[in-house]
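Working notes, beginning with the structure itself.
None of the figures in this text is laboratory data; all of them are computed from the coordinates on show. None of the values given here were measured: they were computed from a predicted structure. Note that each Cβ is placed from the backbone with ideal geometry, even for glycine, and that neighbours are counted across all protein chains shown.
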Amino acid sequence: MSGIGDHQQANATNNVTQILLNHQHPIMSGSQDHQQSSGSSNVIHTCRLVVTLYRRNEILTEERNAARALFEKSQDEIRGLKTQLRESEMLRTQSHNSFMLLFNSHLIVDEKLKLSENMVKNLETLLEMSKAKTRALENLEFKAFEDLKACKSQFEEFETQTQNTFHLLEKKSSEAHLQVLAQQARCLEAEAKTQAQEKELARCDEEFKALKSELHEAKTVAAREQVKVEIQLEQSQEEVRQLREETLVLVQNQLDRSQEKVISLEGVISELKKKLDEKEVQVVQAPRKRGRPPKAQTALNDAKKQEVQVVQAPRKRGRPSKAQTALNDAKKIKAN
C-alpha cells in the first residue's frame with residue numbers, strides 16, 4: 001500500500017504541474033497588466049491548491065499505512081488463533097481416544113464381573129445340593145431311630161411275656177411234678193425262641209450301630225463339604241467385592257480426568273473464540289472511525305466466513321463435536 005500511496009502522490013504532483021502550466025500559458029499571450037494581475041491571483045490559488053492536495057495526500061498515505069499495519073497485525077493474530085484451534089482439536093482427539101480405551105477396559109471388567117457372578121451362582125447351587133443331601137441323611141437317621149424304637153418295644157413285650165411265663169412255671173412246678181417235663185419242654189422251646197429273638201435283637205442292634213456310624217461319617221463329610229463351600233463362597237464374594245470397588249474407583253478417576261480435560265479444552269476454545277471475535281471487531285471498527293470503508297474489511301469478512309464454515313462443518317453433516325461426544329459418553333457411564 002505504500003507503493004500505491006507513492007504512485008498517487010506522484011500523480012498529484014504531475015497534476016499540480018499541469019495546472020501551473022495551464023495558468024502560465026494565457027499570461028504569455030495577453031497584455032502585461034492583465035498578465036500580472038491575473039497571473040498572481042492564479043499562482044496564489046494554485047499554490048494553495050497544491051498545498052491542500054499535498055496535505056490531503058499525506059493524510060491519505062498515513063491512513064493507508066496505519067490500516068495496512070493493523071490489517072497485517074490482525075492477520076498474524078488470526079493465524080496464531082487458528083494454530084491454537086488446531087492444537088486444541090488434536091488434544092480433543094487424543095482425549096477422546098483415551099476415553100474410548102478406558103470404555104473398552106470397563107467393558108472387559110464387566111465381563112469378568114459377570115463370570116465371577118456365574119461362579120458364585122454355581123457355588124450356591126452346590127451348597128443347596130449339599131443341604132439337600134444333609135436333609136436326606138437326617139431323614140434316614142430319623143427312620144433308623146423309629147425302627148430302633150419299634151425293635152425296643154417288641155423286645156420289651158417279649159421280655160414281659162417271658163417273665164409272665166416264668167412266673168406261671170414256678171407256680172405250676174409246685175402243683176404237679178408230672179407237668180414239669182411238659183413245662184420244661186415248653187421252657188426249652190421258649191428259651192430257643194428267646195435265643196433266636198436275642199440273636200435277632202443283637203443283629204438289629206449291630207445294624208443300628210452300623211447305620212449310626214455311617215450317618216455320623218456322612219454328617220462329618222457333609223459338614224466338611226459345607227464348610228469348604230462356604231469358605232469358597234466367602235472368598236469369591238470378597239474377591240468380587242474388591243474387584244468391583246477397585247474397578248469403580250479406577251473408572252471414576254479416569255472419568256473425572258477425562259471430564260476435566262474436556263471442560264478445560266472447551267474453556268480454552270471459548271476463550272480463543274472470544275479473542276478472535278474481539279480482534280475482528282477491532283479490525284472492523286478501526287477504519288469506520290475515520291469515516292470511510294476499509295479495503296481490508298472485505299478480506300477480513302472472507303476470513304471470518306471461512307472460519308465459521310470450518311467450525312460449523314461437522315454440524316452441517318449432522319454430527320456433534322468430538323468433545324461433546326466424549327462428554328456425553330462419560331455422563332452415560334457415570335450414570336450407569
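Quick notes
- Gyration tensor verdict on the range 180-286 (Cα atoms; rounded if a/c is under 1.5, prolate if a/b is larger than b/c, oblate otherwise): prolate
- Added length on full extension, which subtracts the Cα-Cα distance from 0.36 nm per residue, K275 to A132: 43.8 nm
- Theoretical gain in end-to-end length, L181 to Y54 [0.36 nm per residue, Cα-Cα removed]: 28.1 nm
- Semi-axes of the equivalent ellipsoid of the range 109-209 are 63, 10, 5 Å, computed as sqrt(5λ) over the eigenvalues of the C-alpha gyration tensor in descending order.
- Euclidean distance between Cα centres, the range 205-242 to the range 97-146, Å: 17
- Listed from fewest to most Cβ neighbours within 10 Å, the set V43, V283 follows the order V43, V283.
- Computed E for V227/Q195 - FRET, C-beta separation, R0 51 angstrom, nearest 0.05: 0.60
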